[in-house]
Every structure is written in structure tokens, then in C-alpha cells.
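*Asks:* Below you'll find the structure I mean.
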Amino acid sequence: MKIAVVGTGYVGLVTGTCFAETGNKVTCIDIDKSKVDKLINGEITIYEPGLEKIFLRNLKEGRLNFTTQLAEGIKDAVIVFLALPTPPGEDGSADLRYVLGVAEELGKIITDYKVIVDKSTVPVGTAEKVRAAVALHFKGEFDIVSNPEFLREGVAVEDFMKPDRVVIGTNSERARKVMSDLYGPFVRQGNPVIFMDERSAELTKYAANSFLATKISFMNEIAQLCERLGADVDMVRRGIGSDERIGKRFLFPGIGYGGSCFPKDVQALIKSSQDVQYTFKILKAVEEVNETQKLHLIPKIKAFFQNDLTGKHFALWGLAFKPNTDDIREAPALYLIDALLNAGATVTAFDPEAVPNVKKTIGDKIGYAENQYSALDNADALIIATEWSEFRTPDFDMINSRLKKKVIFDGRNLFDVKYISDLGYHYESIGRL
Ligand SMILES: NC(=O)c1ccc[n+]([C@@H]2O[C@H](COP(=O)([O-])OP(=O)(O)OC[C@H]3O[C@@H](n4cnc5c(N)ncnc54)[C@H](O)[C@@H]3O)[C@@H](O)[C@H]2O)c1
């Protein structure tokens with residue numbers, strides 16, 4: 001099939017590459033010329049495990065193409081995916097200007113039947129708005145489909161190639177057939193393709209992310225209680241996670257959720273609820289808990305240093321909002337850095353992939369280390385903000401020899417409390433004895 005993907009970011013590039021991998025001919029379109037130039041030249045623009053290899057193969061075999069020109073990119077395509085940003089607007093609602101802008105442009109240039117598929121996360125009712133925007137200029141037949149994306153950054157290729165489920169919102173039989181054919185190779189193991197109406201598909205995506213964010217904030221509140229009541233959140237987590245109704249995943253406490261999805265999607269669902277005179281009480285609490293949790297280490301750090309961080313220097317391990325990505329959108333590490341700098345401290349950070357993106361955002365406000373150990377030089381303490389695998393079993397002799405004192409504040413509960421205390425560390429983590 002011939003496919004166009006408009007927007008070549010974390011979702012668009014994975015979507016385009018994975019569709020090419022199953023034999024489709026894909027053209028990805030982006031307005032960012034430097035990004036498109038890099039991709040044409042075989043330079044991958046995001047870090048995502050496993051992506052580069054299939055990107056290069058499909059580029060070489062001519063199934064994957066890139067352009068900045070919308071008209072050229074969609075010319076032969078039967079399906080046009082919209083993988084455009086939907087950032088929070090000033091009032092918290094999803095900003096639809098990119099999606100609707102491209103929809104209107106499409107209306108001006110399409111000349112034959114197309115299935116226009118919304119892969120961006122968009123509020124209920126957006127498919128109707130996209131349909132209206134296209135129809136402003138194009139009077140022929142076309143279909144709009146809502147096909148929310150559930151991939152997780154860090155395992156995006158695996159998630160896309162073997163999705164737990166594919167949700168497709170459409171009432172059109174013609175579009176349903178096209179989408180079934182396209183997704184067939186991805187669900188051969190029998191995972192469901194769930195067809196529904198557009199509005200339900202749009203809400204499904206927000207419900208999924210909001211539920212997962214709720215699980216995280218719930219566990220973070222349990223962790224807060226553990227610290228006050230002298231219980232161990234690891235034990236509580238294991239105790240409840242073995243109940244199938246609860247499940248083991250998403251029960252790890254930490255310094256809050258970040259990323260480009262949970263914060264904005266929770267915010268957008270709260271706003272969508274308000275718009276229909278409903279107060280989504282749980283989600284407001286989820287958001288409030290997360291705001292507090294992002295800075296949960298700061299009072300602990302301040303207390304340890306007698307409330308004076310002036311002139312103190314910290315090593316920070318982890319900048320990305322989670323491991324295996326270079327994405328730093330809403331990363332808790334950035335909030336920690338802000339709080340530390342405001343308190344008069346300095347920071348040297350290490351992250352395996354996210355340093356270039358952080359440099360673009362905050363430049364030389366902090367120092368950057370070549371590796372996790374050189375970040376420790378002259379530091380009064382180590383702070384851990386992201387659970388990259390390589391931080392899990394570090395060389396503690398090396399840490400000792402470089403840190404000024406044996407002090408670690410761990411926002412991701414990487415180490416066994418007894419083990420590290422026996423090594424002589426002052427160690428503080430989240431919700432543990
Ligand atoms: N990142 C994720 O893990 C994830 C997962 C599921 C869903 N989503 C949703 O998918 C959507 C895209 O997210 P993302 O993380 O890929 O965003 P992104 O910011 O990484 O990528 C968006 C791309 O669109 C391009 N763009 C902007 N305006 C354009 C235009 N007029 N024409 C062509 N290209 C244009 C940008 O240059 C950018 O490359 C959002 O709605 C997001 O909520 C994201």
C-alpha cells in the first residue's frame with residue numbers, strides 16, 4: 001500500500017518505518033527541513049532502540065522516503081496518517097492547530113479518495129473537525145479515521161510491530177477494509193483490532209494514559225505514606241502486584257511521571273471534562289500528586305545539608321524522562337535541576353542519550369559529563385533521576401573514589417537499601433525504610 005505520514009517525530013518516524021518494514025511504500029512529510037535532510041541522508045533523528053536498523057534498511061530499499069512537501073508526499077498515497085503535535089494550549093486543552101492546519105491543506109490538494117487517519121492524541125470530536133476542515137476545499141469522497149497510538153517510547157518499535165491491540169474509530173466500511181488490510185501483518189498472533197466509532201476511539205487513548213498516570217500517582221501516595229508510617233513500599237508493591245486484578249506493572253514509585261504524553265493528556269482530559277460541565281476529580285488529584293512528587297527529593301536533600309545548598313555541587317544521573325529514550329519533555333530531572341540551581345547549587349549531569357536535547361534547552365546552566373563516573377567528581381552527593389539499566393549495578397568503589405562523601409538520593413529506587421547502607425552510604429530513596 002502507498003502511505004503518507006505527516007509529522008516525522010517520535011510517533012511519525014516509528015509509524016512510517018514500521019509500515020515500510022511490512023512492505024508498504026511510505027513517504028514521511030515534515031516541515032522541519034533540517035530533520036528531513038538528515039533522514040534523507042540516513043541520519044536517524046531520535047534515539048529509539050531497534051529503529052535505526054530498520055530505518056536504514058527501508059531507506060536503502062526505497063520503501064521509505066522523506067520530503068518537506070505535503071503535495072508531493074501524499075500524491076500517490078491511499079492512506080494519510082497525521083502524526084502531528086497536539087501540545088497543551090494555555091487552558092490545558094490540546095492545541096489542534098497543527099492537525100487542523102494540515103487537514104485544511106490536504107483539502108486543497110487531494111484529488112481522489114483518501115483515508116485520512118488521525119494518529120495524534122486528540123480530544124473527542126476532533127475527527128469531525130478534521131472532516132470539516134478537509135471538506136472546506138475538497139468536495140470528493142474521503143474518510144476520516146481515528147487510530148490512536150499506544151506505543152511507548154523506549155520500546156516503540158516492538159510496541160508498533162506487535163501491538164497489544166489496535167484501536168480504529170470509523171463508521172465507514174471502505175475505510176475499515178483499508179485499515180484491516182494495513183494492520184493485518186501486525187496482529188497475526190491474534191491480538192485484537194478493535195473497531196469502534198470515532199469518538200470512543202479518541203476517548204480510549206486519553207482513558208488509557210490517564211489510567212496509567214493514576215496508577216503511578218496512587219503508588220507515589222502509598223510511598224509517601226510508607227515514609228511516614230515506617231512501611232516499605234517495595235514490600236507493599238509486591239504484596240498488591242501479585243493480585244491479578246491489580247497487576248505488577250506501573251506500580252513503581254519514583255519522582256513522578258513526565259514525558260510528552262501523560263502530563264499533557266491528563267491535563268487535556270481534565271479540560272475536556274470541564275467543557276462538558278464535569279469535574280474529573282480523580283485526575284485533578286493525579287496531577288496534583290505528580291507535581292509534588294517531581295520535587296520529592298528536594299526537601300530530603302535540603303534537610304541533609306542543613307537547609308543550605310549554596311555552593312553545594314551535585315552529580316545527576318539521568319536526564320531523559322525515562323530510560324531508553326532521548327526525550328526530555330516534562331522530564332522530572334529538569335524540575336530537579338531548576339530547584340537545585342535556584343537554591344544556589346551547581347549540577348553536573350550524565351545521561352546516555354539525552355544530553356544533546358538538554359543542551360538545546362538549558363545550555364550551560366549545568367555541566368555535562370562524558371560518563372556516569374566523571375559526573376561524580378567534586379560532587380557533594382549523587383542524585384538519580386532516570387532508571388537507565390547501566391545505573392543499576394554501578395562500580396561502588398569508583399563512586400567512592402570520586403564523590404566527596406558517600407551520599408546518594410535515589411529518585412528511582414535502584415539500589416537495595418540494606419546493601420547500600422552496609423557499604424556506608426547515606427542513602428535516601430522513595431517510600432522505603
Ligand atoms: N511520543 C509518544 O510516545 C506518543 C505516543 C502516542 C501518541 N503520541 C501522540 O502523537 C502525536 C505526535 O507526538 P510526537 O511525540 O511524535 O511529536 P513530535 O513533536 O516528536 O513530532 C511531531 C512532528 O510534526 C512535525 N510538524 C509540525 N507541524 C507540521 C506540519 N504542518 N507539517 C508537517 N510536519 C509538521 C514536527 O516538525 C515534528 O517533527 C501527539 O499528539 C502525541 O500526543 C505520542
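*Asks:* Got a number for carbon plus sulfur as a percent of the range 298-433's accessible area, 1.4 Å probe?
*Replies:* Details: 2760 of 5930 Å².
Here it works out to 47 percent.
*Asks:* If you filter the range 233-281 for trypsin sites (Lys or Arg not before Pro), then keep DSSP loop positions with at most 13 other Cβ within 10 Å, what is left?
*Replies:* ARG245, LYS248, ARG249
*Asks:* Follow-up question, since we're still on this one. Tell me, how many Å apart are the Cα centres for the range 39-107 and for the range 357-428?
*Replies:* 37 Å
*Asks:* Remind me, what semi-axes does the range 287-343 give for its equivalent ellipsoid, largest first in whole Å, using sqrt of 5 times each Cα gyration tensor eigenvalue?
*Replies:* Over the Cα atoms of the range 287-343, the semi-axes work out to 22, 14, 9 Å.
*Asks:* Under 4 °C and 1.567 mPa s, how fast does the chain diffuse according to Stokes-Einstein, given a Kirkwood radius computed over C-alpha pairs? Answer in µm²/s, whole number.
*Replies:* Working: Rh = 23.3 Å.
Rounded to a whole number, D works out at 56 µm²/s.
*Asks:* While we're on this one: List the aspartates and glutamates whose Cα lies under 17 Å from the Cα of LYS162, skipping any in the same chain that are fewer than 8 positions away.
*Replies:* By straight Cα distance, LYS162 reaches GLU21, GLU48, GLU149, GLU153, ASP181.
*Asks:* Moving on to the next point. Can you give me the % of accessible surface on the range 1-92 that is carbon or sulfur? Probe 1.4 Å, all protein chains present, nothing else counted.
*Replies:* Solvent-exposed carbon and sulfur of the range 1-92 make up 50 percent of the total.
*Asks:* Cross-link partners among lysines for LYS264, C-alpha distance below 17 Å, same-chain residues fewer than 8 apart left out?
*Replies:* LYS119, LYS205, LYS215, LYS281, LYS284, LYS294, LYS322
*Asks:* Using a 1.4 Å probe and counting only protein heavy atoms, arrange ASP76, ASP112, ASP30 so the residue with the most accessible area comes first. Don't skip to the answer; put the middle values down first.
*Replies:* Numbers: ASP76 95, ASP112 75, ASP30 20 Å².
Per-residue accessible area, sorted high to low, gives ASP76, ASP112, ASP30.
*Asks:* Sorting check: for 355-366, 47-58, which peptide has the highest mean count of neighbouring beta carbons within 10 Å, and how do the rest follow? Don't jump to the answer; show the numbers that get you there.
*Replies:* On the way: 355-366: 14.0, 47-58: 18.0.
Ranked by mean Cβ neighbours within 10 Å, highest first: 47-58, 355-366.
*Asks:* Mind checking which aspartates and glutamates have their C-alpha under 17 Å from LYS129, skipping anything on the same chain fewer than 8 residues away?
*Replies:* Excluding near neighbours in sequence, the set is ASP95, GLU104, GLU105, ASP118, GLU141, ASP143, ASP197, GLU198, GLU202, ASP275.
*Asks:* Still on this model: Could you quote the convex hull projected area for the range 314-433, Cα atoms only and averaged over all directions, in nm²?
*Replies:* Seen from a random direction, the Cα hull of the range 314-433 projects 6.9 nm² on average.
*Asks:* Using a Gaussian network model of the chain whose springs link C-alpha atoms within less than 10 Å, name the residue from THR67, THR393, THR204 with the highest mean-square fluctuation.
*Replies:* The residue with the greatest mean-square fluctuation here is THR393.
*Asks:* Given the options GLY16, GLY92, GLY184, which has the most mean-square fluctuation in a GNM of the chain, springs set between C-alpha atoms less than 10 angstrom apart?
*Replies:* Largest GNM mean-square fluctuation: GLY184.
*Asks:* Can you give the charge dipole size of the chain about its Cα centre, rounded to the nearest 20 debye, using +1 on the beta carbon of Lys and Arg and -1 on the beta carbon of Asp and Glu?
*Replies:* The calculated dipole for the chain is roughly 380 debye.
*Asks:* Check each of the GluC sites (Glu not before Pro) in the range 346-430 and keep only those in coil by DSSP with at most 12 other C-beta atoms within 10 angstrom; list them in order.
*Replies:* Sparse-neighbourhood loop GluC sites (Glu not before Pro): GLU370.
*Asks:* Let me know the number of lysine pairs in the range 355-417 closer than 27 Å at the Cα, not counting same-chain pairs under 8 apart.
*Replies:* Lysine pairs meeting the criterion: 4.
The values are calculated or read from the model by the stated rules, or taken from the named source; none is laboratory data. As the structure is a computational prediction, the values presented were derived from the model and not from experiment. Ideal geometry is used to build each Cβ from the backbone, glycine not excepted, and the neighbour counts take in all protein chains shown. Just so you know, the surface numbers come from the protein's heavy atoms only, side chains and all, with ligands and any DNA or RNA stripped out. Shrake-Rupley method; radii C 1.70, N 1.55, O 1.52, S 1.80 Å.
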